[in-house]
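Novice: Structure in structure tokens, see below.
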Amino acid sequence: MKKNATMNEDESVDSSVLVGYVRRSNAGGALKVSINTAAFADCNTYMTSDGQSYVPLVISIGALNKVLSGDRAVTTIAQLND
């Protein structure tokens, strides 16, 4: 279930695979990360020299700062298209 999403100017990326969202908790003391399991399973991975496998994901710092400051409710977690 790959979905192309055009990011806004804060994220400065033309196209990516939407994987999930980040938002502040209702109490404001934490970030809540929600990952779509089907999208995550479709993500590309890379392996480190010790044999561990990772999924490289991107969150825009500008957009995340707006979530933290309360100017924005949510921002995306994505994997960049090659």
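Every read-out reported here was derived from the displayed coordinates using simple, explicitly stated rules and does not represent laboratory data. Predicted model only: the values in this text are computed from it and were never measured. All Cβ positions, glycine included, derive from the backbone under ideal geometry; neighbour counts span all protein chains shown.
Novice: Can you list the residues, at least 5 places off or on another chain, whose amide H is less than 5 Å from the amide H of Arg72, using H built in the peptide plane?
Specialist: Under 5 Å from the amide H of Arg72: Val67.
Novice: Right, something else. Any number yet on Rg/Rh for segment 18-75, C-alpha, Kirkwood?
Specialist: 1.07
Novice: With labels modelled as points extended 7 Å from the Cα through the Cβ direction, what inter-label distance (nm, one decimal) is found for Cys43 paired with Val55?
Specialist: 0.5 nm
Novice: Turning to a different aspect of this structure: Explain nothing, just compute: Karplus ³J(HN,Hα) = 6.51 cos²θ - 1.76 cosθ + 1.60, θ = phi - 60°, for every residue of segment 58-64 in order, whole Hz, x for Gly and Pro.
Specialist: 10, 10, 5, 5, x, 5, 5
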